[in-house]
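Any read-out appearing in this document is the output of simple, stated calculations on the displayed coordinates, not a laboratory observation. What you see is a predicted model; the values in this text were computed from it and never measured. A quick note on method: Cβ atoms are made from the backbone with ideal geometry, for glycine too, and the neighbour counts reach across all protein chains shown.
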Amino acid sequence: MRRQTEPATRSSYAPAPGHRFNVGDRVRIRQAFPPGHRRTPYYIRGKRGVIERICGAFPNPEELAYGFDGEPAKVLYRVRFLQGHVWPGYRGPAHDVIEMEIYEHWLEPDGDKP
Amino acid sequence: MSDEAINKGPHDIGGEPAGPVDTTDHGMRFWEKQANALRSVLSRSGVVKVDELRRAAEGLGDEYRKLAYFEVTTSALRTLMLEKGYFTEAELSARMAEIRRRFDVPDEMESPVKQKAKR
């Protein structure tokens with residue numbers, strides 16, 4: 001199977017000026033459990049990953065959900081995690097990954113290796 | 001009970017045992033097409049936002065997993081229309097009663113086209 005490392009076409013995502021993280025940065029997902037409409041699944045909170053790409057900046061869905069305009073826009077990243085790190089007892093190949101798109105306010109810098 | 005358990009929405013099931021998965025294509029019933037079209041029109045015209053619909057659906061709590069997909073989305077739409085003041089609970093009930101009489105529907109949960117649209 002062909003391994004695709006670059007997207008075949010140019011990204012149509014919105015630009016994200018002032019982004020806090022760059023591709024390759026190690027991040028940890030905030031281990032927070034606030035009530036309300038949240039766009040970060042429970043199982044990924046507290047996990048460590050690497051920024052795979054900057055998707056763009058978008059109105060904050062966690063604000064849009066309550067009738068606000070979602071401004072200022074939040075930067076959205078695609079974050080890559082090792083499956084074996086996310087799921088205890090994972091039995092697939094060690095290099096298996098899961099990628100998830102997560103907003104900047106859910107990310108914090110992480111110096112440690114995932 | 002920790003915050004973790006309390007604030008986890010009924011939709012957030014990643015990593016939980018799934019049980020058997022029904023992969024049958026059920027198609028759409030008549031009312032589901034009608035309700036979905038209404039939701040689509042109201043979304044496109046900016047009356048409701050998809051994030052609001054999701055929030056309202058998640059607000060169903062335990063009901064969320066008991067209801068079928070279009071029941072969840074239609075319930076969420078109802079919640080938002082009431083919330084935004086497009087109609088009141090009383091107006092909705094009155095209108096539903098009026099339409100039910102028009103079609104002579106005996107059971108509250110039965111659709112007038114249910115026989116035809118049966119899966």
Quiz item: What ³J(HN,Hα) values, in whole Hz, does the Karplus curve 6.51 cos²θ - 1.76 cosθ + 1.60 give for the range B:90-96 when θ = phi - 60°, with x put for Gly and Pro?
Solution: 5, 5, 5, 4, 4, 5, 5
Self-check item: the range A:11-114: relative contact order as a whole-number percent, Cα under 8 Å and 6+ apart
Solution: 31 percent
Quiz item: Where Rh is the Kirkwood radius over the Cα pairs of chain A, the temperature 25 °C and the viscosity 0.890 mPa s, what D in µm²/s does Stokes-Einstein return?
Solution: 161 µm²/s
Quiz item: If only Cα atoms are counted, what is the Rg of the range B:27-117, and what is its Dmax, in Å?
Solution: 13.8, 37
Quiz item: Semi-axes of the range B:39-89's equivalent ellipsoid from the Cα gyration tensor, sqrt of 5 times each eigenvalue, largest first, rounded to whole Å?
Solution: 18, 12, 9
Self-check item: Dipole magnitude of the range B:27-117 about its Cα centre (Cβ charges: Lys, Arg +1; Asp, Glu -1), debye to nearest 20
Solution: 420 debye
Quiz item: Given a Förster radius of 45 Å and the C-beta distance between A:D96 and B:I6 as r, what FRET efficiency does 1/(1 + (r/R0)^6) yield to the nearest 0.05?
Solution: 0.90
